[in-house]
């Protein structure tokens, strides 16, 4: 390898190491932008669906507290094909219409028990689209919740770089 290549790689590596802390600090829930795929009403409905699956606890945050709704918004926009995106939007519309028809109010204004009964109705529906919507929202909510930093660190005891260096250990044989 030529000396110039080594110096160039060393300079690029040093620049990356210096830029890494500022780049890594940019990853927080407050910095996540909506995808633009959903309208404000749909985002609110999505947030309520996620909060119904994993509600806020007395001591533990729920799915909304861990911003799983933002995760699902980005996941559907970035990872689902157009057909999947349309199915999710249609499922949100059907859920909203069901709440209006059954309880005469929006899904957001329903009580937690009413929301659960609507979602359970979707899980037991004969209509394949409603069942797909329920299964997809449930699966992705659980995925987003269990892979959040809070759950990984506090419940699974995940460590980014396991292993420790104990520099003050006496290694002499006694």
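Throughout, read-outs are computed from the coordinates displayed, never taken from laboratory work. These figures come from a predicted structure and were not determined experimentally. Note: ideal-geometry Cβ built from the backbone for every residue, glycine included; neighbour counts use all protein chains shown.
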Report, to the nearest 10°, how far helix 82-103 tilts away from the longest principal axis of the Cα atoms in the chain, using its own Cα long axis and a range of 0 to 90°.
50
In degrees rounded to 10, the 0-90 angle between helix 40-53 Cα long axis and the longest Cα principal axis of the chain is 80
Crossing angle, helix 112-123 versus the chain [Cα axis fit, 0-90 degrees, rounded to tens]
90
Once R0 is set to 30 Å, what does the formula 1/(1 + (r/R0)^6) return for the Cβ-Cβ distance between residue 3 and residue 165, expressed as a FRET efficiency to the nearest 0.05?
0.35
Can you give the translational diffusion coefficient of region 36-154 in µm²/s, computed by Stokes-Einstein from the Kirkwood radius over Cα pairs at 4 °C and 1.567 mPa s?
90
Would you mind computing, in nm to one decimal, how far apart the modelled labels at residue 42 and residue 131 are, each placed 7 Å from Cα along Cα→Cβ?
2.5
Let me have the 222 nm mean residue ellipticity of the chain computed from DSSP H runs of 4+ only, each contributing -39500 (n - 2.57), with the sum over all residues rounded to the nearest 500.
-20000 deg cm²/dmol
